[in-house]
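Encoded as structure tokens, the structure appears first; notes follow it.
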Amino acid sequence: MSSQSVLACSQFTTSSDGSISCTQQTWTETYVLSPDEQAQLELVIGGGFDAGTFTLFFNATLALFAIGFGVGIIISQIRKAKRG
């Protein structure tokens with residue numbers, strides 16, 4: 001992370017048609033992040049947890065469990081039928 005001067009608008013004016021324009025600019029000392037640092041910061045702020053992905057994989061895990069359980073019951077019944 002480095003500190004650099006950046007041109008920023010310090011005063012705005014709104015015109016009659018609703019558009020906003022900058023009337024006064026000043027140089028401001030600010031931190032500039034590299035793309036890697038920005039990605040790491042977003043991960044920290046967002047928590048690194050995506051609820052949509054979690055739901056998808058959780059549902060897939062339950063579906064695979066149900067399929068395996070069902071196949072196990074069917075195989076068990078076939079083995080019992082062969083014995084008896």
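Please treat every number below as a calculation from the coordinates, not as lab data. Here the structure is a predicted model, which means the values were calculated and not measured. Heads up, the Cβs are rebuilt from the backbone with ideal geometry, glycines too, and the neighbour counts pull from every protein chain shown.
Miscellaneous remarks
The rows are residues; the columns are (1) without any contact (Cβ under 8 Å) to a residue 24 or more places away in the chain; (2) within 28 Å of the chain's Cα centre (by Cα); (3) surrounded by 10 or more Cβ atoms within 10 Å (Cβ to Cβ).
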| residue | (1), (2), (3) |
| --- | --- |
| 9 | yes, no, yes |
| 37 | no, yes, yes |
| 41 | yes, yes, yes |
| 52 | yes, yes, no |
| 60 | yes, yes, yes |
| 65 | yes, yes, yes |
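- Applying the set (1) free of Cβ contacts under 8 Å to residues at least 24 places away in the same chain; (2) surrounded by 10 or more Cβ atoms within 10 Å (Cβ to Cβ); (3) under 31 Å from the mean Cα position of the chain (by Cα) to residue 5 leaves exactly one unmet item: (1).
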